[in-house]
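Engineer: Can you read through this structure? Questions will come right after.
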Amino acid sequence: MQFHIENMKCGGCARSVTKAIQSVDAHATVEADPEARQVVVNSDKPREAFLAALKNAGFPATAA
């Protein structure tokens with residue numbers, strides 16, 4: 001699944017986003033691209049759980 005995160009602008013942001021995603025699923029694979037402000041997540045957990053975790057971490061996301 002893909003997410004667009006408008007305020008993910010640097011490597012530090014990408015690490016915070018990855019940490020938030022892995023708080024939902026520690027085994028999720030995460031590919032973050034700060035320049036494109038996109039994240040690709042490979043997990044069987046529901047999209048809504050990731051959206052909530054990202055919002056709580058200060059990185060509100062939309063489905064891309």
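Engineer: Scanning the range 38-58 for residues that are part of a loop (DSSP other than H, G, I, E, B) and under 14 Å from Met1 (Cα atoms), which turns out least open to solvent (accessible area, probe 1.4 Å)?
Structural biologist: Going through the qualifying residues, I end up with Ser43.
Engineer: Next question, about the same structure. Can you find a residue that is in a loop (DSSP other than H, G, I, E, B), open to solvent by less than 50 Å² (accessible area, probe 1.4 Å) and at pLDDT 95 or above anywhere in the range 18-30?
Structural biologist: Within the range 18-30, one or more residues are in a loop (DSSP other than H, G, I, E, B), open to solvent by less than 50 Å² (accessible area, probe 1.4 Å) and at pLDDT 95 or above.
Engineer: Further question on the same structure: Would it be correct to say that Arg15 is at positive phi and open to solvent by 50 Å² or more (accessible area, probe 1.4 Å)?
Structural biologist: Working: at positive phi: no; open to solvent by 50 Å² or more (accessible area, probe 1.4 Å): yes.
No; evaluated as a whole, the condition is false for this residue.
Engineer: Cβ contacts < 8 Å: first residue free of Cβ contacts under 8 Å to residues at least 40 places away in the same chain and at positive phi, restricted to the range 27-44; second residue of a type in the set (A, V, I, L, M, F, W, C) and open to solvent by less than 50 Å² (accessible area, probe 1.4 Å), any location; separation 6+ or different chain. Result?
Structural biologist: Cβ pairs passing all conditions: Arg37/Ile5; Arg37/Met8.
The values are calculated or read from the model by the stated rules, or taken from the named source; none is laboratory data. The model shown is predicted, which means the values in this text are computed figures rather than measured ones. Note that each Cβ is placed from the backbone with ideal geometry, even for glycine, and that neighbours are counted across all protein chains shown. For accessibility, only protein heavy atoms count, side chains too; no ligands or nucleic acids. Shrake-Rupley method; radii C 1.70, N 1.55, O 1.52, S 1.80 Å.
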